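Inspection log for the structure reproduced underneath, given as structure tokens.
The values are calculated or read from the model by the stated rules, or taken from the named source; none is laboratory data. What you are looking at is a predicted structure, and each value in this text was computed from that prediction instead of being measured. Cβ sites come from the backbone with ideal geometry, for glycine too, and all protein chains shown count toward neighbours. Heads up: the accessible areas ignore ligands, DNA and RNA and are worked out on the full protein's heavy atoms, side chains in. Shrake-Rupley method; radii C 1.70, N 1.55, O 1.52, S 1.80 Å.
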Amino acid sequence: MSQVFLVGDVHGCFYTLDHLLQRLSIQKEDQLVMIGDLVGKGPHTSLVLDKLIEMDADIVLGNHDLYFMSVMRLFLFIACAVHCLKLLWGFSL
């Protein structure tokens, strides 16, 4: 019989999440649902995201996740704008 596991407020703490997942012994037929705030505060956001992608977890975004995505979109916009300025007018910072 499959189970559903709900986990939230990871905040980039990969090793704590990894320890929890090992203790839960999630099986292939089980479902892992992340209920917000995967990023922020902790030092290992990229490891958290990589692990959850690997596990094919379902994700509900929290306020920290939405903020992180908006900041990343802004950085991407600025990087593209600077690149275009360099290409079009030889501008550099």
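Of note:
- Those residues of the range 12-22 which are touching a Leu at 6+ places or on another chain (Cβ under 9 Å) and either charged (D, E, K, R) or surrounded by 18 or more Cβ atoms within 10 Å (Cβ to Cβ) (or both), in sequence order: GLY12, PHE14, LEU17, ASP18
- Residues of the range 53-93 that are of a type in the set (Ser, Thr, Tyr) and under 30 Å from LYS41 (Cβ atoms): TYR67, SER70.
- Among the residues of the range 1-22, those identified as in a loop (DSSP other than H, G, I, E, B) and more than 16 Å from the chain's Cα centre (by Cα) are MET1, SER2, GLN3.
- Residues of the range 23-61 satisfying the condition of being closer than 19 Å to MET1 by Cα, open to solvent by 60 Å² or more (accessible area, probe 1.4 Å) and in a helix (DSSP H, G or I): ARG23
- Residue match in the range 62-73 (condition: open to solvent by 50 Å² or more (accessible area, probe 1.4 Å) and under 17 Å from PHE5 (Cβ atoms)): no
- Across the range 75-93, the number of residues qualifying as open to solvent by 100 Å² or more (accessible area, probe 1.4 Å) and assigned to a helix (DSSP H, G or I) comes to 8.
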